[in-house]
Every structure is written in structure tokens, then in C-alpha cells.
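Chemist: Structure provided below as C-alpha cells; questions to follow.
The values are calculated or read from the model by the stated rules, or taken from the named source; none is laboratory data. As the structure is a prediction and not an experimental result, all values here were calculated from the model. Methodologically, a virtual Cβ is constructed for each residue, glycine included, from the backbone with ideal geometry; neighbour enumeration extends over all protein chains shown. Protein only, heavy atoms only, side chains kept; ligands, DNA and RNA dropped before computing areas. Shrake-Rupley method; radii C 1.70, N 1.55, O 1.52, S 1.80 Å.
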Amino acid sequence: MGTSTYLGDVAARASLLETGLLASMYWMFAGFFLGAALVGTQGVTAKEFTALAVPWLKAMTTFLPSQAEFIDKGDYTTDVQSLAFNKGGLDHVMRISEHQGIGTDIMKPIAELIDRQVEAGHGADSLARLIEGIQNLRT
């Protein structure tokens, strides 16, 4: 089903990598489910939506390396797709979802992370800056 990959001498590292992959998967599926519920309010089937969602999500994964670069550098300076820009997009998703009677619970944590970063003066930074808010939730 897969290949083996040596991940180092610390066993916990492999477990954390697996957990990180699972976290990524669950958020991807949750976003897909929200999208399917939203378009379903207008009679679009999940199968029809999937035909659009799969290529879209594949295209979005091409941005992960650049997001990783922002994170690894700790420098979130960007001139495209800022937090403020993404706040507008997510606010739109939330408004339309609520208008269509679709729950927004799945998006609220992301919206709160974005809002906190924008309120702290980081609206011009990359969306990757959200990792700062996620990491700062650790205590």
C-alpha cells in the first residue's frame, strides 16, 4: 500500500508525522463536506461538486511548498494572498453558508485564527502566518 521511509532515530517523530498527515486530511475532508453541503442547497449533487473539487484541491496543493517556505523562514511577508485577503474570502464563505442555512462551526476556528492575526496587525502577511496562532495555543 505504500513505501517505507526512514524518519530518524526518534520513534515519536514518525507518530507525529502520521498525526500531522491525519490532521491535514480531516480539515481537507471537512472543507469538502462544507462545500458539498453548501452547493447541495441549490440541488448540486456531491458527485457533481466532486468533479470540480478534485482538480481545485489538487491545484491548491501546489501552494503547500511555498507555504512551508514561509513557515520554515518565519518570515510571512507577501504581496499576494494576504491574511486580510483570505479573511475576506472566508468571511464570504461564512456569510453565504449562514444565508443558505449551512452550519459554519467547521470554519469558525480558522476564522478566529485569521481574525486574531489581522487584529494583531499582521493582515498584510501570508496565510501561512496562521501557524503562529496555532503554535501559540500550546501551553
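Chemist: So what J values fall out for region 81-97 if you push phi through Karplus, 6.51 cos²θ - 1.76 cosθ + 1.60 with θ = phi - 60°, rounded to Hz, Gly and Pro as x?
Modeler: 6, 5, 4, 4, 4, 5, 4, x, x, 5, 4, 4, 4, 5, 4, 5, 4
Chemist: Would you look at the GNM of the chain, springs on alpha carbons closer than 10 Å, and say which of ARG129, ARG95, ARG13 moves the most?
Modeler: Highest fluctuation among the options: ARG13.
Chemist: Sticking with this structure for a sec: Grab the DSSP H runs of the chain that are 4 residues or longer, score each as -39,500 (n - 2.57), total them, divide by all residues and round the 222 nm result to the nearest 500 deg cm²/dmol.
Modeler: Calculated at 222 nm, the ellipticity per residue is -21000 deg cm²/dmol.
Chemist: Heavy atoms of the protein only, probe of 1.4 Å, neighbouring chains included. What is the accessible area of LEU113 in Å², nearest 10?
Modeler: Here the residue's solvent-accessible area equals roughly 20 Å².
Chemist: Can you list the lysines whose alpha carbon is less than 25 Å from that of LYS47, not counting same-chain residues fewer than 8 positions off?
Modeler: Output for LYS47: LYS58.
Chemist: Report the Stokes-Einstein translational diffusion coefficient (µm² s⁻¹, integer) for region 21-86, Rh taken as the Kirkwood radius over Cα pairs, at 25 °C with viscosity 0.890 mPa s.
Modeler: Calculated translational D: 176 µm²/s.
Chemist: Now for a different question. DSSP loop (so not H, G, I, E, B), at most 15 other Cβ within 10 Å: list which chymotrypsin sites (Phe, Trp or Tyr not before Pro) in region 1-65 pass both filters.
Modeler: Loop-located and lightly packed - TYR6, PHE63.
Chemist: Quick check: at a probe of 1.4 Å, how many percent of the accessible area of the chain sits on carbon and sulfur atoms?
Modeler: Roughly 63 percent, rounded to a whole number.
Chemist: If contacts are Cα pairs under 8 angstrom and at least 6 residues apart, what is the relative contact order of region 79-139 in percent?
Modeler: Across region 79-139, relative contact order equals 49 percent.
Chemist: Where q = 0.10, 0.16, 0.18 Å⁻¹, what log10 of I(q)/I(0) comes from the Debye formula for the chain, counting one point per Cα?
Modeler: -0.43, -1.04, -1.23
Chemist: Right, another one. Quick one: net charge of SER126's neighbours, Cβ under 12 Å, K/R +1, D/E -1?
Modeler: My count for the surroundings of SER126 gives -3.
Chemist: Now a separate question. For the chain, what is the accessible area per residue in Å² when the probe is 1.4 Å?
Modeler: Spelled out: the 1.4 Å probe surface of the chain, per residue, equals 72 Å².
Chemist: Give the residue from VAL44, VAL80, LEU22 lying farthest towards the positive end of the charge dipole for the chain; charges sit on Cβ (+1 for Lys and Arg, -1 for Asp and Glu) and the dipole is referred to the Cα centre.
Modeler: Going by the Cα projections, it comes out as VAL44.
Chemist: To the nearest Å, what is the center-to-center distance of region 60-98 and region 9-54, using C-alpha atoms only?
Modeler: Cα centroid of region 60-98 versus Cα centroid of region 9-54: 17 Å apart.
Chemist: Now, a different point. Would you please classify the overall shape of region 76-139 from the alpha carbon gyration tensor, given that a ≥ b ≥ c denote the square roots of the eigenvalues, rounded means a/c under 1.5, and beyond that prolate means a/b larger than b/c while oblate covers the rest?
Modeler: oblate
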